[in-house]
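Step one of this worksheet: look at the structure below.
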Amino acid sequence: MGTNKIPGDPRAEARGLDILVGKNIQKYRVKKNLTQKQLGNRLGLTFQQIQKYENATNRVSAPRLFMIAQTLEVPVICFFDDNGFKKPNPIDVSMLSPEAVELAINYDRIGKARVKKALEVILDDLKP
């Protein structure tokens with residue numbers, strides 16, 4: 001068992017996203033002139049937890065990322081911006097509930113196109 005990087009390895013890609021999200025949390029925190037302690041207090045977290053998010057030591061859950069975005073007054077999508085990722089249509093996802101964000105993330109992780117299509121059909125049937 002080696003630790004060789006496999007091209008397209010999802011774990012390596014996820015790690016890269018964790019680093020990107022952490023750097024952007026820090027960037028927007030600093031733009032708001034907040035310390036890690038101040039941001040942590042607003043979120044009910046310790047400064048150590050904020051530090052772990054910013055250093056990508058700990059992964060930020062979707063609901064927590066939503067709360068951070070609201071606190072920093074930025075759309076959630078800003079945390080994924082490095083000018084290298086393809087941006088989706090400009091929708092202010094910070095207006096979505098944490099459940100909607102988590103649902104979208106889980107949908108995106110589905111690998112089989114036919115499963116995604118089946119879910120789309122179900123969701124279309126549920127529209128008012």
- Message: Being surrounded by 14 or more Cβ atoms within 10 Å (Cβ to Cβ) and either of a type outside the set (A, V, I, L, M) or touching a residue at least 12 places away in the same chain (Cβ under 8 Å) (or both) is the requirement here; does GLN48 meet it?
- Response: no
- For the stretch 103-118, what are the residues that are of a type outside the set (D, E, K, R), more than 22 Å from SER61 (Cβ to Cβ) and surrounded by 10 or more Cβ atoms within 10 Å (Cβ to Cβ)? VAL115, ALA118
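Could you list, in sequence order, all residues of the stretch 7-42 that are in contact with a helix residue (DSSP H, G or I) (Cβ under 6 Å, 6 or more places away or on another chain), within 22 Å of ILE77 (Cβ to Cβ) and not basic (Lys, Arg)? Walk me through how you get there before you give the answer.
Taking the stretch 7-42 first, the residues in contact with a helix residue (DSSP H, G or I) (Cβ under 6 Å, 6 or more places away or on another chain) are 21-22, 24-26, 28-29, 32, 36-37, 39-40, 42.
Then keep just the ones that are within 22 Å of ILE77 (Cβ to Cβ); that gives 21-22, 24-26, 28-29, 32, 39, 42.
Within the stretch 7-42, VAL21, GLY22, ASN24, ILE25, GLN26, TYR28, LEU39 meet the criteria.
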- State whether the residues of the stretch 39-58 include one that is more than 20 Å from GLY16 (Cα to Cα), among the polar types (S, T, N, Q), in a loop (DSSP other than H, G, I, E, B) and modelled with pLDDT of 90 or more. yes
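The values are calculated or read from the model by the stated rules, or taken from the named source; none is laboratory data. Just so it is clear, the structure is predicted and the values come from calculations on it, not from any experiment. Because the Cβ atoms are built from the backbone with ideal geometry, glycine has one as well, and the counts that use them run over all protein chains shown.
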